[in-house]
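The values are calculated or read from the model by the stated rules, or taken from the named source; none is laboratory data. Predicted model only: the values in this text are computed from it and were never measured. Ideal geometry is used to build each Cβ from the backbone, glycine not excepted, and the neighbour counts take in all protein chains shown. Heavy atoms of the whole protein, side chains included, go into the accessibility calculation; ligands, DNA and RNA do not. Shrake-Rupley method; radii C 1.70, N 1.55, O 1.52, S 1.80 Å.
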Amino acid sequence: MMIMPSSDQKREEALMSQATDVDLKAFLADWQEGPERIKEIFLSYKGQLERDEAIQLQFIPRPGVTYSLRAAHKAQTSRELLAMIDVIEDSPRWLSVCFYADMISDPEGQGDAVPGGLLGEDAICFDLESWEQNRVQYVAARLAEACQYVLLRSEDRL
């Protein structure tokens with residue numbers, strides 16, 4: 001049996017989505033790209049996630065600390081997130097892309113294990129300080145893998 005969201009839940013999601021859009025657009029408009037191309041990487045991952053209609057994005061700004069883009073898949077039932085992309089406020093800015101440790105593989109060992117690092121659960125995080133084509137693609141593949149993990153788990157429950 002599928003439980004449909006109430007009209008209150010739908011309204012709340014729509015308001016959150018509007019606030020996310022406004023905050024994110026303002027953040028991106030103010031962000032001046034540097035030679036590290038971190039903004040380009042961020043936009044690439046954001047675009048990858050937006051291409052999947054089942055993924056919902058939430059932007060949580062914490063000026064001076066981080067700007068978090070949190071992705072959740074509609075098929076998820078037991079966890080809040082699919083991935084979290086943090087823009088770390090530093091000079092220059094850099095990205096930390098984190099996943100639940102059991103959702104992805106890291107065959108090349110490029111990520112860092114972070115016990116309790118994603119909403120209290122073990123995580124694998126990838127720090128990107130500049131555009132490195134192979135690393136950018138490697139993390140993009142982890143995003144795709146996390147989506148597949150969620151879809152496979154949701155099919156197991158059917």
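Close Cβ contacts (under 9 Å, 6 or more residues apart or on different chains) running from residues in the stretch 32-56 that are closer than 24 Å to Pro92 by Cα to residues that are part of a loop (DSSP other than H, G, I, E, B) and open to solvent by less than 30 Å² (accessible area, probe 1.4 Å) comprise Ile38/Trp31; Lys39/Trp31; Phe42/Trp31.
On the stretch given as the stretch 56-80, residues that are among the aliphatic types (A, V, I, L, M), over 9 Å from the mean Cα position of the chain (by Cα) and closer than 21 Å to Arg153 by Cβ total 1. Of the set (1) without any contact (Cβ under 8 Å) to a residue 40 or more places away in the chain; (2) open to solvent by less than 70 Å² (accessible area, probe 1.4 Å); (3) closer than 17 Å to Lys39 by Cα; (4) part of a loop (DSSP other than H, G, I, E, B), all apply to Ser68 but (4). Checking the stated criteria, Ala83 turns out not to satisfy the condition of being under 24 Å from Leu152 (Cα atoms), more than 15 Å from the chain's Cα centre (by Cα), modelled with pLDDT of 95 or more and among the hydrophobic types (A, V, I, L, M, F, W, C). Report yes if some residue within the stretch 73-82 is in a strand (DSSP E or B) and either in contact (Cβ under 8 Å) with a residue 60 or more places away in the chain or surrounded by 17 or more Cβ atoms within 10 Å (Cβ to Cβ) (or both); otherwise report no. Yes, the stretch 73-82 contains a residue that is in a strand (DSSP E or B) and either in contact (Cβ under 8 Å) with a residue 60 or more places away in the chain or surrounded by 17 or more Cβ atoms within 10 Å (Cβ to Cβ) (or both). Val114 falls short on exactly one of the conditions (1) hydrophobic (A, V, I, L, M, F, W, C); (2) exposed (fewer than 14 other Cβ atoms within 10 Å of the Cβ); (3) touching a strand residue (DSSP E or B) at 6+ places or on another chain (Cβ under 9 Å); (4) free of Cβ contacts under 8 Å to residues at least 24 places away in the same chain, and that condition is (2). Taking the stated definitions as given, is Leu24 surrounded by 12 or more Cβ atoms within 10 Å (Cβ to Cβ), in a helix (DSSP H, G or I), of a type in the set (A, V, I, L, M, F, W, C) and at pLDDT 95 or above? Spelling it out, it is not the case that Leu24 is surrounded by 12 or more Cβ atoms within 10 Å (Cβ to Cβ), in a helix (DSSP H, G or I), of a type in the set (A, V, I, L, M, F, W, C) and at pLDDT 95 or above.
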